[in-house]
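Enquirer: I'd like to ask some things about the structure below.
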Amino acid sequence: MELAEKSITLSPPKNSNESKNSSKTDQGIKNIIFGSIAGMTGKLVEYPFDTVKTRLQSQPSEYKLFNGPLDCFRQTLKHEGLFGLYRGMSPPMIGAMLENASLFLVYNHIQTMVREFKTPNYNNESQHQAPLSMSVVCLAGGLSGTTASFFLTPIELIKCKLQVQEAFTYKMERNSMITNPRYNGPFDVIKHTLKTHGISGFYRGHSGTIVRETVGTAAWFSTYEFLTRLFILNRIDKSSFNERQNITKDDLSAIELMSSGACAGMAYNLLMFPVDSIKSQMQTDEEIMKITGKDVVKRGFWRVGRELYKSDGISGFYRGCGITVARAAPSSAIIFMTYVSTYFKD
């Protein structure tokens, strides 16, 4: 493929004079540091929208508090103020650090392993002459997502429980509903989960998370890589023969990098939103069932999916999808731009 032959993947800068092992260590450290910075930056932008998304996904079909994203924003600001949109943010900030650090670390490490296997005496100085196929990019992205899912599931469980608990108090008095366990913060959720469910309780909804992260991250990296390769190819076609030999990703403009990142974020969320909806309901079932006066029943992935389809049809899987895709564009653009600009300019 021509696109695969005229581009690079996320990788260290050119002209490294360090030894192979030292370079690998430095590369891993940089992936962790700059991936963490990128993750935290993106999380600050997207979190209010994530709160709205989670509340829309988690509300039961027979007791809908919100008519849509704008109504959820309005009610949250009315009852909780601006702080309500950032409720439960501390665990996701830690999660964003771990997620993006592990994503970029595993993603780049797998590509390095493939290059070493395919290229005798491979070293970092020659990696620009050995770009990888999109199938390898997709594989590396998927495996990095699988790894990240083991960090994300406990963190997202804490986040989701904190995000939804306050919303369902808006109409409790009027409806004489049963109160749910109130959490004072992340540590209170951790204490309750350990006491009630043990360690396994933190992995409630992991089936949804691992599917979402494996498939979604493969799409995320692949979309970003494909579009940056198109931009590189376009620059090559417009350049002289001598110039085109040295055009790489770090030659792209901020607009090109951010556009690629934005499209990657939208692709990820459009593709995996139904899975995320099921995951969110699984992780908040306990709170929602108690607050609506139902007996707490542990529902599995397929049962939640069947019941959601039965009550709301296909649209039930896409509550809050529009606002999620909209916030994914700037968030993902910032993540890739932050990572590439800090990594390559270091």
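The values are calculated or read from the model by the stated rules, or taken from the named source; none is laboratory data. These figures come from a predicted structure and were not determined experimentally. When we count neighbours, we look across all protein chains shown, and the Cβ atoms used for this are built from the backbone with ideal geometry, even at glycine. Remember, those area values only see protein heavy atoms, side chains included, never the ligands or the DNA or RNA. Shrake-Rupley method; radii C 1.70, N 1.55, O 1.52, S 1.80 Å.
Enquirer: Counting heavy atoms of the protein chains only and a 1.4 Å probe, report the per residue accessible area for segment 274-346 as a whole number of Å². Intermediate values should be presented prior to the final figure.
Expert: Details: 3070 Å² over 73 residues.
On a per-residue basis, segment 274-346 sits at 42 Å².
Enquirer: While we're here: Can you list the HN-Hα couplings for segment 200-217, worked out from phi with the Karplus curve (6.51, -1.76, 1.60; θ = phi - 60°), rounded to whole Hz and with x for Gly and Pro?
Expert: 4, x, 6, 9, 5, x, 5, 4, x, 5, 5, 5, 4, 6, 5, 6, x, 6
Enquirer: Once amide H atoms are built 1.01 Å from N in the peptide plane, which residues 5 or more positions from Q59, or in another chain, come under 5 Å H to H?
Expert: none
Enquirer: Same structure, new question: Once the piece of chain linking S311 and V296 is laid out straight, how much longer is it, given 0.36 nm per residue of separation minus the C-alpha distance between them?
Expert: On the way: separation 15, 0.36 × 15 = 5.40 nm, distance 1.88 nm.
Extra length available between S311 and V296 comes to 3.5 nm.
Enquirer: Tell me, what ³J(HN,Hα) does each residue in segment 43-52 have, in order and in whole Hz, if you take phi through Karplus 6.51 cos²θ - 1.76 cosθ + 1.60 with θ = phi - 60° and put x for Gly and Pro?
Expert: Along segment 43-52, the couplings run 5, 4, 6, 8, 4, x, 5, 5, 4, 4 Hz.
Enquirer: Assuming 0.36 nm per residue, please report the length gained on full extension of the stretch F117 to I199 beyond their Cα-Cα distance.
Expert: Numbers: separation 82, 0.36 × 82 = 29.52 nm, distance 3.88 nm.
Here the answer is 25.6 nm.
Enquirer: When the accessible area of segment 233-346 is computed with all protein chains present and a 1.4 Å probe, what percentage of it is carbon and sulfur?
Expert: On the way: 3030 of 5230 Å².
Roughly 58 percent of what the probe reaches on segment 233-346 is carbon or sulfur.
Enquirer: So, in segment 200-346, how many Lys pairs have Cα atoms under 30 Å apart, if the pair is 8 or more places apart or on different chains?
Expert: Lysine pairs meeting the criterion: 11.
Enquirer: On alpha-carbon atoms, Rg over Rh for segment 187-346 using Kirkwood Rh?
Expert: Values: Rg = 21.1 Å, Rh = 18.5 Å.
Dividing the radius of gyration by the Kirkwood radius yields 1.14.
Enquirer: Just grab the label-to-label distance for Y63 and F83, each label 7 Å out from Cα along the Cβ direction, in nm (one decimal).
Expert: In this crude label model, Y63 to F83 measures out at 2.5 nm.
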